[in-house]
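Step one of this worksheet: look at the structure below.
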Amino acid sequence: MSQNSTAGACRVFIIHNPTSGRRRGILRQVLVHLEQIGCRVTVQHTSHRDHARELAAQVSQSEYDRLVVSGGDGTINEAINGLTPDSPPVAIIPRGTANVLAAEIGLGADPKVIAETIVNGEARPVSLGAINGRKFLLMAGVGFDACVVATVSSALKRAIGKGAYVVASLRQMIRGDFPRFSVLIDGVLYDAASVVVANAHYYGGKYVCAPEAGLESPLLQVCLFERGSRFHVAVYGLALVLGLLPKAPGYRIVPATRVEIHQPQGAAIQSDGDFVGATPAQVTVTPQAVRLLFPRPNR
């Protein structure tokens, strides 16, 4: 553990994933601004999978005013799963490959703005989804994207960032043989080749998957990719990049509070961009579950 202390009143605990992403110098710059503001900062580095969850579970608002996660969406997901009713408001220092949550809340890469958001950001209550009990902020999914996440190379991701997902996607396209899923959405049965349950409207960066989804909404948006051939997978991917996915043929969005995926069993599940298990799956939502710090608009 390393500590940085000043006489300030804002007590900040930072969970830092040293292997995350490519913005390796941003934490140091944010720390400088926090110290200038007058914060007392404790930084704890993660050293193994789910360490962020273990650390977050130990942080209480009686000891700290802010819990900050420095890393990518996967590290944030781990930390969210460790929160307790006594946790302080949560802020982020985006250092990942895609940084979808940062895009969702309008937080850029300016260290000064990030520091100001940590200290003076607007704490808003946001919803959390959960798949088989594991919480998520952004999305959970089965099908093509989950297979990509399950097979992407961590080393390649560190080396070329988002390009690693392109490589994994091409491998999945070549492999083919995509299963179909039986999906029960608030009691109504649907059939799809892939499913993304969205709690946020961005996906994979600033690509729009579910326009009506939002962190502060009490509803999830279930994105059904109804066609599963290689051709249609390619069409969906291109439509996503071009901002046309909601209009793509064979694409449907259904609002929901509960989703059940029964068949096939043993298919990969991804949550906030990380592999988290296999089907069957149950997905629920808890409104106003976490206080998340949003940047304040410029005046």
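Meeting the requirement of 3 or more residues that are of a type in the set (Val, Ile, Thr), closer than 30 Å to Glu35 by Cα and in contact (Cβ under 8 Å) with a residue 24 or more places away in the chain, the strands (runs of 3 or more DSSP E) wholly within region 70-155 are 90-94.
Answer yes if at least one residue in region 103-125 is out of contact with any strand residue (DSSP E or B) (no Cβ under 6 Å at 6 or more places or on another chain), modelled with pLDDT of 90 or more and open to solvent by less than 10 Å² (accessible area, probe 1.4 Å), and no otherwise. Walk me through how you get there before you give the answer.
Residues of region 103-125 out of contact with any strand residue (DSSP E or B) (no Cβ under 6 Å at 6 or more places or on another chain): 106-113, 115-116, 119-120.
Filter once more, so that each one left must be modelled with pLDDT of 90 or more: 106-113, 115-116, 119-120.
Checking which are open to solvent by less than 10 Å² (accessible area, probe 1.4 Å) leaves us with 115.
So far as region 103-125 goes, yes, one or more of its residues are out of contact with any strand residue (DSSP E or B) (no Cβ under 6 Å at 6 or more places or on another chain), modelled with pLDDT of 90 or more and open to solvent by less than 10 Å² (accessible area, probe 1.4 Å).
With respect to Val222, is the statement that it is open to solvent by 30 Å² or more (accessible area, probe 1.4 Å) and under 12 Å from Gly141 (Cβ atoms) true? The answer is no for Val222. Filtering region 92-114 for residues that are polar (S, T, N, Q) and over 23 Å from Val283 (Cβ atoms) leaves a non-empty set. Residues considered: Leu184, Leu137, Leu128, Leu156. Of these, the only one that is surrounded by fewer than 17 Cβ atoms within 10 Å (Cβ to Cβ), touching a helix residue (DSSP H, G or I) at 6+ places or on another chain (Cβ under 8 Å) and farther than 22 Å from Cys10 by Cα is Leu156. On the stretch given as region 226-253, residues that are among the hydrophobic types (A, V, I, L, M, F, W, C), buried (at least 17 other Cβ atoms within 10 Å of the Cβ) and either in contact (Cβ under 8 Å) with a residue 40 or more places away in the chain or in contact with an Asp or Glu (Cβ under 8 Å, 6 or more places away or on another chain) (or both) total 2. Of everything in region 20-64 that's open to solvent by less than 80 Å² (accessible area, probe 1.4 Å) and hydroxyl-bearing (Ser, Thr, Tyr), which residue is modelled with the lowest pLDDT? The qualifying residue modelled with the lowest pLDDT is Ser20. Residue count for region 210-259, restricted to those that are touching a His at 6+ places or on another chain (Cβ under 7 Å) and closer than 18 Å to Ala146 by Cα: 1.
The values are calculated or read from the model by the stated rules, or taken from the named source; none is laboratory data. Keep in mind it's a predicted model, so treat the numbers as computed, not measured. With ideal geometry, Cβ positions are generated from the backbone for all residues, glycine too; neighbour counts draw on all protein chains shown. Quick note on the areas: whole protein, heavy atoms, side chains included, nothing else; ligands and nucleic acids left out. Shrake-Rupley method; radii C 1.70, N 1.55, O 1.52, S 1.80 Å.
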